[in-house]
Amino acid sequence: MKTIDLSGTWQMSGGPFHTDASVPGSVVSALLENKLIEDPYLGANEAELQPMFEHDYTFSRSFVLTEADLACRRIVLRCDGLDTVCRLFLNGAEIGAADNMHRSYRFEVGDLVRPGENSIRLTFTSPVAYSRTLD
């Protein structure tokens, strides 16, 4: 079994923001790291930042695979800790969805990856907007 780690620098966009983001990480950690918001854990900052949670956010990056990387019987994308309502895309094709931060997800992607550059995109639905759709 060969493992390729996709953690590292991704691009994050949503609402008025477009910035680098460290993965593993979160919207808040990316915005804090890039000094785009005040620390939500100080004073009344958390209340002032609530409107940012009305937006959906997308994390994306590209990665390169070799022919040797693809010479496996199965190719699986494993995701841990996707918080919370998320759709996943690989090379433009939707591969699945997640709705629980506290579990791992596995997606068979052997028919979608290719030698050379590949792209992955995760779109996180606003938890505030999503909760409004529930009873």
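The values are calculated or read from the model by the stated rules, or taken from the named source; none is laboratory data. Note that the structure is a prediction, hence the values are computed from the model and not measured. Quick reminder, even Gly has a Cβ in these numbers, built from the backbone with ideal geometry, and neighbours come from all protein chains shown. Ligands, DNA and RNA are stripped out before the accessible areas are found, and what is left, the full protein with its side chains, is counted by its heavy atoms. Shrake-Rupley method; radii C 1.70, N 1.55, O 1.52, S 1.80 Å.
What the table below lists for this structure:
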quantity: Lone unmet requirement of (1) at pLDDT below 95; (2) exposed (fewer than 15 other Cβ atoms within 10 Å of the Cβ) for Leu49; calculated: (2)
quantity: Within the stretch 30-45, considering residues that are more than 13 Å from the chain's Cα centre (by Cα) and not in a loop (DSSP other than H, G, I, E, B), the one farthest from Arg78 (Cα to Cα); calculated: Asn45
quantity: Residues of the stretch 55-94 classified as aliphatic (A, V, I, L, M), surrounded by 17 or more Cβ atoms within 10 Å (Cβ to Cβ) and assigned to a strand (DSSP E or B), total; calculated: 3
quantity: Pair list, Cβ < 7 Å and 6+ apart or interchain, from the stretch 35-50 residues that are within 15 Å of Phe17 (Cβ to Cβ) to residues that are open to solvent by less than 80 Å² (accessible area, probe 1.4 Å) and aromatic (Phe, Trp, Tyr); calculated: Leu36/Phe17
quantity: Top-ranked residue in the stretch 1-13 [being in contact with an Asp or Glu (Cβ under 9 Å, 6 or more places away or on another chain) and in contact (Cβ under 8 Å) with a residue 60 or more places away in the chain; ranked as farthest from Glu117 (Cα to Cα)]; calculated: Lys2
quantity: All positions within the stretch 66-79 that are out of contact with any Gly (no Cβ under 7 Å at 6 or more places or on another chain) and more than 21 Å from Thr123 (Cα to Cα); calculated: Thr66, Glu67, Ala68, Asp69, Leu70, Ala71, Cys72, Arg73
quantity: Top-ranked residue of the stretch 95-119 - restricted to ones that are part of a strand (DSSP E or B) and among the hydrophobic types (A, V, I, L, M, F, W, C), ranked as least open to solvent (accessible area, probe 1.4 Å); calculated: Ala98
quantity: Within the stretch 1-29, tally of residues that are aliphatic (A, V, I, L, M) and over 19 Å from the mean Cα position of the chain (by Cα); calculated: 1
